[in-house]
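To keep things clear, I will list the structure first and then write my remarks on it.
What follows is calculated from the coordinates using simple rules that are stated; it is not laboratory data. Worth saying up front: this structure is predicted, and the values here are computed from it rather than measured. Cβ: placed from backbone, ideal geometry, glycine included. Neighbour counts: every protein chain shown.
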Amino acid sequence: MAAADMGRSRIVIAGGGLAGLSLSLALKRALADGVDVIMCDPALSRDPHGDRRSYAIAAAARRMFQALGVWDAVSEKAQPILDMVITDSSLQDPIRPTYLTFEGAVDGEAFAHMVTAGDLTALLLEACREAGVTLKPEGVKGFTSHAAHTDVELTGGETLSATLLVAADGARSRLREQAGIGWIYWPYNQSGIVATISHERDHEGRAVEHFLPAGPFAILPLKDETRPDGSVQHRSSIVWSERSENVPVLLESHPEDLLAELEKRFGLQLGRIAFETKPQAFPLAFGVARSFVGERLVLLGDAAHLIHPIAGQGLNLGLHDVAALAEIITDAMRLGQDPGGADVLMQYERARRADITAMGIVTDGLNRLFSNDLLPVRLIRDLGLGLVDRMPGLKRFFIREAAGLRREDVPRLLKGEAL
């Protein structure tokens with residue numbers, strides 16, 4: 001059955017992560033009954049609250065969630081980052097001098113908020129249900145593209161005829177591979193260890209990034225949690241970049257030994273600490289698709305790009321994809337154009353290529369610059385950090401860049417405007 005015979009356009013989104021959910025909601029909010037949005041992911045059958053990873057939501061992405069009508073609920077679970085401190089030292093150094101500080105406010109709002117993936121996923125899922133997104137707890141097995149539609153085969157055996165297939169199925173995207181889209185990739189000799197840490201003292205909304213020879217170590221503030229007995233538990237998320245060969249030994253060590261290694265990096269400024277969640281490790285790598293579009297196919301989020309977490313921009317880069325693609329599809333459909341047509345999809349390619357390439361270069365360069373202990377390099381980078389700290393205009397530029405608010409030509413959702 002051709003797309004033209006379906007009565008209205010149907011968009012299938014393969015992957016129920018935060019980018020896929022956000023796009024589903026944005027399209028239904030903008031086009032309502034004018035489009036069928038079907039999301040497919042086996043994970044939709046699981047409780048999303050089990051995902052205890054944490055993400056930084058930059059100010060521009062926060063504005064998008066506000067425009068989509070979910071931020072008020074998200075904000076109850078989110079912790080604003082009120083300031084940020086950057087240090088550079090060796091692990092053995094008794095003192096970690098602060099080289100750069102940022103105030104967390106930009107244009108009267110926090111430049112980022114921390115929220116757990118489970119909380120955000122659950123709120124987006126509920127909003128998608130209320131908006132009329134069809135949620136199928138099964139995967140996409142493959143697809144066959146035709147001139148006017150694409151046949152999407154699900155793992156349960158059903159075949160859906162769609163105007164457009166969105167591959168939001170992660171960095172190892174099978175749909176990208178099936179489409180024959182090349183993948184530029186190189187691994188870092190690093191893994192990211194993530195966990196939630198409880199601590200005695202209030203973090204006061206402060207984020208800390210220690211640049212250590214093995215890689216950056218970030219402490220990111222989370223919202224306090226009230227326990228059943230009425231006590232308040234202070235919490236932070238860590239992103240601990242470590243040489244990959246050291247990670248198995250660390251994670252398999254006795255819990256007290258692992259906590260001792262954490263204390264060397266975390267410090268004692270927040271009092272006694274403990275693991276609230278079991279540490280998990282993820283290999284770190286760079287990847288970018290040679291094209292973000294195929295025949296009636298578009299790549300979204302990690303399926304299109306993968307960057308180092310040193311700047312905390314991985315999810316936000318994917319949410320920028322969402323804002324751009326939702327605007328392009330919405331505007332095309334309101335003009336009576338085919339949302340899966342090559343001319344429409346190439347608008348997305350042009351809109352995202354430069355931004356993604358620039359962010360990949362920046363994060364790759366920062367990681368290579370700071371993940372070493374060569375004395376001449378340390379002296380040069382510390383001098384650079386110190387100079388930036390003494391230049392308010394340059395600091396404002398960097399903080400607006402991190403918040404996603406520097407440019408005026410961003411998609412409307414990132415300005416907080418409805419589509």
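Charges only on Cβ, +1 for Lys and Arg, -1 for Asp and Glu: so what's the dipole of the chain about the Cα centre, in debye to the nearest 20?
620 debye
Do the sum for the chain: with -39,500 (n - 2.57) for every DSSP H run of n ≥ 4, divided by all residues, what is the mean residue ellipticity at 222 nm, to the nearest 500 deg cm²/dmol?
Per the formula, -11000 deg cm²/dmol.
Amide H to amide H under 5 Å from L100: which residues, 5+ apart in sequence or cross-chain, H placed 1.01 Å off N in plane?
Those lying under 5 Å, H to H, from L100 are I86.
Using packing as a proxy for protection, rank 120-132, 279-291, 220-232 so that the peptide with the highest average count of other Cβ atoms within 10 Å comes first.
Numbers: 120-132: 18.6, 279-291: 16.7, 220-232: 13.0.
Order by mean packing, descending: 120-132, 279-291, 220-232.
Of all the C-alpha pairs in the chain, what % are more than 27 Å from each other?
It works out to 52 percent of all Cα pairs.
When only Cα pairs under 8 Å and 6 or more residues apart are kept, what is the percent relative contact order across the chain? If you can, show how the numbers build up before the last one.
On the way: 857 pairs, mean separation 91.1, N = 419.
Over the chain, the number comes to 22 percent.
Nearest-5 percent of antiparallel DSSP beta bridges in the chain?
75 percent
Using modelled amide H (1.01 Å from N, peptide plane; none on Pro or chain starts), what sits under 5 Å from the amide H of D51, excluding residues fewer than 5 places away?
Those qualifying (amide H under 5 Å, at least 5 residues apart or on another chain) are G118.
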